[in-house]
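Notes to accompany the following structure.
The values are calculated or read from the model by the stated rules, or taken from the named source; none is laboratory data. What you see is a predicted model, and the numbers here were worked out from it, not measured in a lab. Note that we place each Cβ from the backbone using ideal geometry, even for glycine, and neighbour counts take in every protein chain shown.
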């Protein structure tokens, strides 16, 4: 072959080699691109899978979030209720403390009152004991007085009865009496019964006169008491014996005025 004939062959070979090289490169690139594409598809599938999982998780999160919001609302409601209960408990506690304080004050007052009552009770016991002692003394004096009354009654059996003052007309007490006292003159009516004071008992507020049922004296009769012609006051018969009677003071001041041997005159009969 000539040189001119070899040149096209060479070019053809070069072209073929270049084409083969290009084809190999293209095939290599195609294979690489296909592998890359497959890898991308694989990655896309993984991403889709992850996306589906993420969406599922998101739905779960939303559901959980909704549940949490519901629970949060319930918790807030429960907290509000607990706060109200706590406030009420605080108020109740304050009221209870106030009541306890009031009870403590009342207890202190009761203790003070009890102490006062105990003191008063002790004093009353002492007073009762003192009064009982005085009653024993008075009972003794009363027994002595009753014995004296019996003795006087026995002695009066042989004594002259009280004088009966008889007048045809009512007369006034002597003028001297009007001048010496501020009391109004007492009228001594006809058939006025007159006697005298035997005993004066200032502890029991009565006197004993020497007039009794034998003289016509009755319970409720009122006698005026005189010392000479001076009017001292009135006494009222409370107990009657045969020859003597016990009469109580009509007014309290007469107790310190009357003495034994003073004259008594019945009023109203």
Inset, instruction - Would you be able to tell me the number of residues in segment 205-239 that are under 13 Å from residue 193 (Cβ atoms) and assigned to a strand (DSSP E or B)? - result: 5
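Mind checking whether some residue in segment 170-189 is modelled with pLDDT of 90 or more and assigned to a strand (DSSP E or B)?
Step one: list which residues in segment 170-189 are modelled with pLDDT of 90 or more, which gives none.
Checked against the condition, which is being modelled with pLDDT of 90 or more and assigned to a strand (DSSP E or B), segment 170-189 yields no hits at all.
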